[in-house]
1. Between Tyr100 and residues 5 or more places away or on another chain, which pairs have amide H atoms under 5 Å apart, with H built 1.01 Å from N, and which residues are they?
2. So what are the ³J(HN,Hα) numbers for region 4-19, from phi and the Karplus equation (6.51, -1.76, 1.60; θ = phi - 60°), rounded to whole Hz, Gly and Pro as x?
3. Using θ = phi - 60° and the Karplus curve 6.51 cos²θ - 1.76 cosθ + 1.60, what whole-Hz ³J(HN,Hα) does each residue of region 89-94 get, with Gly and Pro shown as x?
4. Please list, in order along region 103-117, the HN-Hα scalar couplings obtained from phi with the Karplus expression 6.51 cos²θ - 1.76 cosθ + 1.60 (θ = phi - 60°), rounded to whole Hz, x for Gly and Pro.
Amino acid sequence: MNTITVTTKEELKSAKDSGCENIIVKGALANDLKKAKKIALAGSVTIGALSAALAAIPFTGGLSMVAAAPIAALTGFEIAAIIVVASLGLALIIALFKDYEEISYEEGRLVLKKKQK
């Protein structure tokens, strides 16, 4: 059983792409993924609305609370989760939770296990 511990978006993407069986996410990234999980599991219509709304925001180096508020109203998601999705990337979050299930979570530590096909 191969397990990898990650703390950055790049490490997480690499672990997912290499098909690691278990991924332990630590630090702020773990907390961010926990917030974003609800978005990853949303329906396709909601994901489409969120994608369109995120694409319409000019890139300023980060999503502001002012820009996130209308998206939150449109989709019903928390502003914090929308900001996380904007920073990590919607495609990565959806792909991650499509292929992996959450085994455990505590502040600063999220354990993911590859789903059996």
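Read-outs throughout are calculated quantities, based only on the coordinates presented, and are distinct from any laboratory measurement. Just so it is clear, the structure is predicted and the values come from calculations on it, not from any experiment.
1. The list, which skips near neighbours in sequence, is Lys115.
2. Rounded to whole hertz, the list is 10, 10, 10, 9, 10, 4, 5, 5, 4, 4, 4, 5, 5, 5, 7, x.
3. Those phi angles translate into x, 4, 4, 5, 5, 4 Hz.
4. Per residue, the Karplus-derived 3J(HN,Hα) values read 8, 7, 8, 9, 3, x, 8, 10, 10, 10, 10, 4, 6, 7, 7 Hz.
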